[in-house]
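The values are calculated or read from the model by the stated rules, or taken from the named source; none is laboratory data. Bear in mind that the values here come from a model prediction, so they are computed numbers and not experimental data. Backbone-built Cβ (ideal geometry, glycine too); neighbour counts: all protein chains shown.
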Amino acid sequence: MEINRGNVIEIISKSGLKPDKDYGQNYLLEPELCSKIVDFLDAKNNEKVLEIGPGLGSLTHFLTSKKAEKIDLVDIDERMVNFLKILYKEERVSIILNDIRKHDVSQYDKILGNLPYNITTETVVYLLENAKNAKKMVLMCQAEAFPRFSETSGGEYGPASILVHLLGSSKRLLTVKPGSFYPAPKCSSIVFEISINEGVDYDHCISVYKFAKKLFLNRRKTIQNNLNNVTNNKEVTNILLEKVGISSIRRPEEILPKKFEELYNAFINL
């Protein structure tokens, strides 16, 4: 069922599906926009697709028109799950009640989702660590969160972006204004794509990510000070930094993802 400005209030009223702030629920109201977002995913006939937090099914309506082999809709809100089960009865469509951070995401080729703000970074990292068959993710988040997955330097840059850029790349697709939702959030949202490189070594990239997390624990301190806490040996720290060509006075936010990978490789090969 298409969700739009003309029917959303009636649907909410009849079904009792008032948006829940605790779940960060804001329903997309523009069918043309929803269709475009689903088209970005480019789901193929032989692929298994996951949609995160479908809500009333604004994106689901267009996703189920694609000829994907299997479509799983995962929502933490039992009301939404029960509502969608009435609408979508195709054998290839499964509606699952679960917290996405506890769901087995390893089986999917493509992932689509509008992410709740309070768990955005945690969810993206969970997907990157566990959805090892996924070639592409098309996700939406509040605009202020997007730099966490796109920047390679600066204040919002951190371990999550390092993991994204070691595994593949991120790309902004479009901006969604608050008025495109009901209820309207306080800020714009960004639809973005994460593409995963073919043949990437997941285990290695995740190890580098976990190593980088330790070096961002005190992000205002120098890389030397943070690395000292890992090596417990200032001499070893200086040897490692010199070996990979990183200045000891640099802060973690000034170091590119590939340099973190070089530093990790040097560390484990001591």
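Odds and ends about this structure:
- Some residue of segment 174-192 being more than 30 Å from Ile12 (Cα to Cα) and not in a helix (DSSP H, G or I): no
- Summed over segment 154-207, residues that are in contact (Cβ under 8 Å) with a residue 40 or more places away in the chain, among the polar types (S, T, N, Q) and within 18 Å of Val125 (Cα to Cα) total 3.
- Output for segment 231-264, where each listed residue is surrounded by 16 or more Cβ atoms within 10 Å (Cβ to Cβ) and within 23 Å of Asp203 (Cβ to Cβ): Leu240, Val244, Pro252, Ile255, Pro257, Lys259, Phe260, Glu261, Glu262, Leu263, Tyr264
- In segment 97-112, of all residues being farther than 21 Å from Ile11 by Cα and touching an Asp or Glu at 6+ places or on another chain (Cβ under 6 Å), the one that is surrounded by the fewest Cβ atoms within 10 Å (Cβ to Cβ) corresponds to Asp109.
- Some residue of segment 47-56 being part of a helix (DSSP H, G or I) and either aliphatic (A, V, I, L, M) or buried (at least 17 other Cβ atoms within 10 Å of the Cβ) (or both): no
- Set side by side, the residues Glu47, Glu51 differ, and just one is of a type in the set (Asp, Glu) and touching a helix residue (DSSP H, G or I) at 6+ places or on another chain (Cβ under 9 Å), which is Glu51.
- Here segment 186-196 is the region considered, the condition is being more than 13 Å from Ala131 (Cα to Cα) and surrounded by fewer than 18 Cβ atoms within 10 Å (Cβ to Cβ), and the residue that is modelled with the lowest pLDDT is Lys186.
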